[in-house]
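First comes the structure, then the notes that go with it.
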Amino acid sequence: MFRSISLCLLGALLLGAADTPQKSAFDKPTMEAYVRHLFVLQSHLTVTIGDPKPSAMPGFKEVRVRISQGAQFQEIPLYVSNDGKKIVQGAVYDIASNPFKPELDKLKTQFQPALGTSGAPVAIVLFSDQQCPVCKGEAEMIRKNLIQNYPTQVRLYYKDFPIESLHPWAKSAAMAGRCVFQQKPDAFWEYHDWVYAHQEAITLQNLTDQVLGWAKETKDVDAIKLGACIAGKATQAEVEKEMEEAHALDVTATPTVFINGRRIAGSIEWPALKSIIDYEIEYQKTAKDAGDDCGCELKLDIPGMPQTNVPGVPSGPPPAARKK
């Protein structure tokens, strides 16, 4: 009799266990509830759970969680075990490769405004917003110190990331800057300095007139051609492509710099920036896994096209496709 009761109780427990649903992090409502509790996310914040994708961590899928409020957002990569039971937060590193390789692979520097020596051991990519007051301070710091201290060891690339929700004329200024760059690449940096110097006087309504006034005083820029480029929004797609690249890199604030792929979000003082540059110069003497020739892009030298002669590099027939 007791054996029968025990068997009945065991059967009931097994049936109860079978009826209990197993939670899975791949179930989006379950994952959202868990993440809200984990990070204390209030109801006014929108949480969007992405679809699982292959990851660099064996046995895990990557699930990106987007937390947003209006135009502002932050994305967090989480790694979910294939059975949906375990969640790991953090970056995944491969000891055999540069820890910033994912960022280096996404940073595209061809045809961008640049300063410094091509092929330098340190490549800095700056995402900036020309209406951003903090960006103005960092721009002035970089222009004052960078090339003067590192004439051959650093290559700086400028990329536009106007934050439209905060700065109404930033995107228009970025588009105008690209018009200047298309017409005369060297003049871009004059424009860059002028915009930041006159930031407080510029408005969405007077931006074009102000820019054309600057162009008329600049001997290297044709103001008529510049006006046509601005009016026709000829560079809008280019700026929007830069913005998409920033989003792909999870850039959410300006200024943001990548120093050989190392992300520094927000303002940085010159002593701290110099310390990182010095470290990278020394590290790349043996590592040789970053810098201006870091394998970020594939550049094809086409026979018949003008070739760029780099000082110290013998001229000769164009090489085959190579990483650049």
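The values are calculated or read from the model by the stated rules, or taken from the named source; none is laboratory data. Computed from a predicted structure; not experimentally measured. Cβ coordinates were reconstructed from backbone atoms using ideal geometry, including for glycine residues, and neighbour counts include every protein chain displayed.
Which residues, counting only those in region 127-172, are of a type in the set (Gly, Ala, Ser), over 19 Å from Ile264 (Cα atoms) and either buried (at least 24 other Cβ atoms within 10 Å of the Cβ) or at pLDDT 95 or above (or both)? Talk me through it step by step, then tell me what you get.
Of all residues in region 127-172, those of a type in the set (Gly, Ala, Ser) come to 128, 137, 139, 165, 170, 172.
Add one more test, that the residue is over 19 Å from Ile264 (Cα atoms), and what stays is 165, 170, 172.
Ala170, Ser172, listed by residue number.
Which condition does Ile124 not pass, out of (1) part of a helix (DSSP H, G or I); (2) crowded, with 24+ Cβ neighbours inside 10 Å, if it passes all the others?
Condition (1) is where Ile124 drops out.
In region 24-40, is there at least one residue being part of a strand (DSSP E or B) and within 26 Å of the chain's Cα centre (by Cα)?
So in region 24-40, the residues part of a strand (DSSP E or B) come out as none.
Within region 24-40 (the criterion being part of a strand (DSSP E or B) and within 26 Å of the chain's Cα centre (by Cα)), the answer is no, since none of the residues qualifies.
Hey, any hits in region 173-185 for a residue that's of a type outside the set (A, V, I, L, M, F, W, C), under 17 Å from Ala139 (Cβ atoms) and either assigned by TED's automatic domain parsing to the domain that holds Asp160 or at pLDDT 95 or above (or both)?
Taking every residue of region 173-185 in turn, at least one turns out to be of a type outside the set (A, V, I, L, M, F, W, C), under 17 Å from Ala139 (Cβ atoms) and either assigned by TED's automatic domain parsing to the domain that holds Asp160 or at pLDDT 95 or above (or both).
Those residues that are surrounded by fewer than 11 Cβ atoms within 10 Å (Cβ to Cβ), in contact with a Lys or Arg (Cβ under 7 Å, 6 or more places away or on another chain) and either part of a loop (DSSP other than H, G, I, E, B) or not assigned by TED's automatic domain parsing to the domain that holds Lys28 (or both), I need them from region 53-99; list them, please.
Listed by number, the list is empty, since nothing qualifies.
Given the conditions (1) modelled with pLDDT of 95 or more; (2) not assigned by TED's automatic domain parsing to the domain that holds Arg155; (3) not aromatic (Phe, Trp, Tyr), and given that Ala321 satisfies all but one, which numbered condition is not satisfied?
Here Ala321 meets the rest and fails (1).
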